[in-house]
Amino acid sequence: METHIEYVCQNQLLILSAKRAIFWQAQRALLVADLHLGKAGHFRKAGIALPASITPIDLLRLEDLIKEFQPAICYFLGDLFHSDYNKEFLLLKDFIRKYTTVEFVLIKGNHDIVTDQQIKALGIAAIYESLDIPPFQFTHHPQIDDKLYNIAGHLHPGYTIRGVGRQSISTPVFYFGQHQAILPAFSVFSGKAFIQPKPEDILFGIVEDQLIEIDKSNFE
């Protein structure tokens, strides 16, 4: 198993990281989906106790990725935030200030309900509903485009790998289909929506901080 896997998609080299992100080499672009900043604070406000360390842990992994790949731009593929503005958002502001050589861009998701003015005040350079950079189209919700290959988030894709006997393990996955790719949720505090891949699909699972291509014989 490896911490990185190189995958050619639409004649473009993508480097998949077990830290739940993709680096698009030709554009020096880091792709991250579903960070859900402020989720812990939102739950605590509702009276559900969650550790305050969730957001810092996620940002530390993002910092590791930036140091490793030295991207020129970082695309957040939606649900950067979880709900209303809370103090955890300021952690992102401090984070962005550290990396002045990186442009941070948001493709809005359904949870990104704070105003564009509030988002830009944190250091986000640009905000889009969708963004076309051929051969790819970046969105939050997966969708089919006639001309461009869609890369999205939202679903928090997962898959159960079955071994001999009754052994199995459930893992977040990178999904690559004929028309679109879906990234795993970046946040460590996220559920998984289990998918049923087609025989022609490609899945890469994250198991104990390592990446593996899932054997198609697992597909049902």
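Only the coordinates and a few stated rules stand behind these numbers; no lab work does. In this text the structure is predicted, and so the values were computed from the model without any measurement. Here the Cβ is made from the backbone with ideal geometry for all residues, glycine too, and neighbour counts use every protein chain on show.
Express in nm, to one decimal, how much length is gained between Glu200 and Ser168 on full extension, taking 0.36 nm for each residue of separation and deducting their alpha carbon distance.
Separation in residues times 0.36 nm, less the Cα-Cα distance, equals 9.3 nm.
Return one number: the angle in degrees, 0 to 90 and rounded to the nearest 10, between the long axis of the Cα atoms of helix 89-98 and the longest principal axis of the Cα atoms of the chain.
90 degrees
With unit charges on the beta carbon (Lys/Arg positive, Asp/Glu negative), name the residue among Ala126, Ile182, Thr139 whose Cα is farthest towards the positive pole of the charge dipole of the range 109-205.
Positive-most Cα among the choices belongs to Ile182.
If I take every Cα pair under 8 Å that is 6 or more residues apart in the range 177-220, average their sequence separation and divide by the length, what percent do I get for the relative contact order?
Values: 25 pairs, mean separation 15.2, N = 44.
This gives 35 percent for the range 177-220.
Mind checking the full-extension length gain between Ala193 and Thr115? Use 0.36 nm per residue of separation minus the Cα-Cα distance, one decimal, nm.
Values: separation 78, 0.36 × 78 = 28.08 nm, distance 2.81 nm.
Separation in residues times 0.36 nm, less the Cα-Cα distance, equals 25.3 nm.
Would you work out the relative contact order for the range 141-206, in percent, from Cα pairs under 8 angstrom that are 6 or more residues apart?
On the way: 125 pairs, mean separation 23.7, N = 66.
Rounded, it is 36 percent for the range 141-206.
With the crude spin-label approximation of a point 7 Å out along Cα→Cβ, what separation in nm comes out for Lys93 versus Gln25?
With each label point 7 Å from Cα toward Cβ, the separation is 3.9 nm.
Would you please give the FRET efficiency between Ala72 and Val8, computed as 1/(1 + (r/R0)^6) with r the Cβ-Cβ distance and R0 = 22 Å, to the nearest 0.05? Before the final figure, lay out each step's value.
Working: r = 21 Å, r/R0 = 0.95.
Once rounded, the FRET efficiency stands at 0.60.
Which entry in (1) 23, 21, 16; (2) 27, 21, 16; (3) 32, 21, 13 is this structure's computed semi-axes √(5λ) of the Cα gyration tensor in Å?
(2)
Using a Cα distance threshold of under 14 Å, what count of lysine pairs results for the chain when pairs must be 8 or more residues apart or interchain?
Details: Lys19/Lys67; Lys39/Lys87; Lys45/Lys87; Lys67/Lys98; Lys93/Lys120; Lys108/Lys120; Lys198/Lys216.
For the chain, qualifying lysine pairs total 7.
Would you kindly derive the ³J(HN,Hα) couplings of the range 120-134 from the backbone phi angles with the Karplus curve 6.51 cos²θ - 1.76 cosθ + 1.60 (θ = phi - 60°), listing them in order in whole Hz, with x for Gly and Pro?
Here the 3J(HN,Hα) series is 5, 5, 7, x, 5, 7, 8, 10, 9, 7, 7, 9, 9, 10, x Hz.
How high is the relative contact order of the chain? Use alpha-carbon pairs under 8 Å, at least six apart in sequence, and give a whole percent. All intermediate terms of the calculation are to be shown ahead of the outcome.
On the way: 480 pairs, mean separation 41.8, N = 220.
Computed over the chain, the figure is 19 percent.
Specify the angular offset, from 0 to 90 degrees and rounded to the nearest 10, of the alpha carbon long axis of helix 54-69 from the longest principal axis of the alpha carbons in the chain.
For 54-69 against the chain, the angle is about 70 degrees.
Divide by every residue of the chain the summed helix terms, -39500 (n - 2.57) for each DSSP H run of at least 4, and state the resulting mean residue ellipticity at 222 nm, rounded to the nearest 500 deg cm²/dmol. Present the calculation step by step, with values, prior to reporting the outcome.
Working: 4 runs with 39 residues, N = 220.
Helix contribution divided over all residues of the chain: -5000 deg cm²/dmol.
Amide H to amide H under 5 Å from Leu37: which residues, 5+ apart in sequence or cross-chain, H placed 1.01 Å off N in plane?
Phe81, His82
Using the count of nearby Cβ atoms within 10 Å as a rough guide to exposure, how do Tyr175, Tyr7 rank from fewest to most?
Details: Tyr175 21, Tyr7 18.
Least crowded to most crowded, the residues run Tyr7, Tyr175.
Can you list residues whose amide H is under 5 Å from Ala181's amide H, if they're 5+ apart or on another chain and H is modeled 1.01 Å from N?
Amide H neighbours of Ala181, under 5 Å, 5+ apart: Asn150, Ile151, Ala152.
Counting DSSP beta bridges in the chain, what percent are antiparallel, to the nearest 5?
Values: 32 of 52 bridges.
Around 60 percent antiparallel, to the nearest 5.
Quick one: which residues, 5+ away or cross-chain, put their amide H under 5 Å from the amide H of Leu14? H built at 1.01 Å from N.
Tyr7, Val8, Cys9
In whole Å, how far is the Cα centre of the range 61-83 from that of the range 171-220?
The two parts, judged by their Cα centres, are 20 Å apart.
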